[in-house]
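Structure first, commentary second.
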Amino acid sequence: TTEDQVSGTTALLIAVSPVNERIVWVSGARGTYLRTSDGGATWHAAQVKGAEHLQFRDVHAESENVAWLLSIGPADSSRIYYTQDAGQSWTLQFTNPVPTAFYDCLSFWDQRRGIANSDAVEGKTMVITTGDGGAHWTPIPPARLPAALPGEGSLAASGTCVITRPEGHAWIAVTGTKARL
């Protein structure tokens, strides 16, 4: 069965990250995020201050209080924000330093270890990782990754182009001249 729920925003909603049946985070346009802790009976909708012009195309939630948001776009429009207080405050953890990169998705194995990917830049696959909850993001050297095909990138549509699983496994879906994992 389906059930209508009132989001509390008119912003385009793009990605969803459930923690469990009661706690769910959602991200969207105009710097918007939503959170419920009662299974959607009520939603708290807000914008990240200073990010009102960004599109949060991905959200990764760890708990009722802890979540990361990924905004998309070229250069410094690709950013990662973090909250540990249910969105009362947000910390900007990453701003894309490569003018031609465009980050698409992020995922975490746990509250410390995470990964994010960009569209290819100059034939190189772009992936960053963190081991400290996002305080520092480090690029994986391109030599350790498969070479990118021409025009290759991921679809920054709903935060599902990178998925993590136990023991450090991650899968990244890309498209371009052909689809690959």
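For this structure, a couple of remarks:
- Pairs with Cβ under 7 Å, 6+ apart, first in segment 134-150 and farther than 29 Å from Ala61 by Cα, second surrounded by 14 or more Cβ atoms within 10 Å (Cβ to Cβ) and not polar (S, T, N, Q): Ala148/Ala120; Ala148/Lys124; Leu149/Gly176; Pro150/Gly176
- Segment 47-68, subset among the hydrophobic types (A, V, I, L, M, F, W, C) and in contact (Cβ under 8 Å) with a residue 40 or more places away in the chain, residue surrounded by the most Cβ atoms within 10 Å (Cβ to Cβ): Trp68
- The set of residues in segment 86-96 being closer than 25 Å to Gly168 by Cα, polar (S, T, N, Q) and either open to solvent by less than 50 Å² (accessible area, probe 1.4 Å) or not in a strand (DSSP E or B) (or both) consists of Gln93, Asn96.
- Residue list for segment 21-46, restricted to those being open to solvent by less than 80 Å² (accessible area, probe 1.4 Å), more than 24 Å from Ala156 (Cα to Cα) and among the polar types (S, T, N, Q): Ser37
- Considering segment 169-180, the residues that are over 18 Å from the mean Cα position of the chain (by Cα) and not polar (S, T, N, Q) include one that is nearest to Ser107 (Cα to Cα), namely Arg180.
- From the list Pro99, Pro146, the lone residue that is of a type outside the set (A, V, I, L, M), modelled with pLDDT under 95, outside any strand (DSSP E or B) and in contact with a helix residue (DSSP H, G or I) (Cβ under 8 Å, 6 or more places away or on another chain) is Pro99.
The values are calculated or read from the model by the stated rules, or taken from the named source; none is laboratory data. What you are looking at is a predicted structure, and each value in this text was computed from that prediction instead of being measured. Every residue, glycine as well, gets a Cβ built from its backbone with ideal geometry; the counts of neighbours run over all protein chains shown. For accessibility, only protein heavy atoms count, side chains too; no ligands or nucleic acids. Shrake-Rupley method; radii C 1.70, N 1.55, O 1.52, S 1.80 Å.
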